[in-house]
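The values are calculated or read from the model by the stated rules, or taken from the named source; none is laboratory data. Quick caveat, the model's predicted, so the values are computed rather than measured. Methodologically, a virtual Cβ is constructed for each residue, glycine included, from the backbone with ideal geometry; neighbour enumeration extends over all protein chains shown.
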């Protein structure tokens, strides 16, 4: 059975912005972090925030970042900044390829 999507927080829906990592439900952090950020980028961001090299393996790093992204922490803010930059790069590439007045070609057919 499909659940109804939850309403955006008042501040996000009013401005039309996306939710930040720390505003997401707990079950959403794992797929967002795991799918949207390559491990190398995740390790680079973590090392920068920690001020050294994270000694954790890939899975431990992933789990640690997820735990740190549930509340608003310096690591959560750095990961959010990385996600925003990745989205801007993707959006710029799509608009650069656009040869018509809409970019609906860039979305999977199920979203049209």
Can you find even one residue in the stretch 68-88 that is assigned to a helix (DSSP H, G or I), loosely packed, with under 15 Cβ neighbours inside 10 Å, more than 14 Å from the chain's Cα centre (by Cα) and modelled with pLDDT of 85 or more? yes
Residues of the stretch 1-29 being modelled with pLDDT of 80 or more, over 13 Å from residue 68 (Cβ atoms), assigned to a helix (DSSP H, G or I) and in contact with a helix residue (DSSP H, G or I) (Cβ under 8 Å, 6 or more places away or on another chain), in sequence order, are 23
Taking the stretch 30-67 as the search range and keeping residues that are touching a helix residue (DSSP H, G or I) at 6+ places or on another chain (Cβ under 7 Å) and assigned to a loop (DSSP other than H, G, I, E, B), which one is farthest from residue 85 (Cα to Cα)? 56
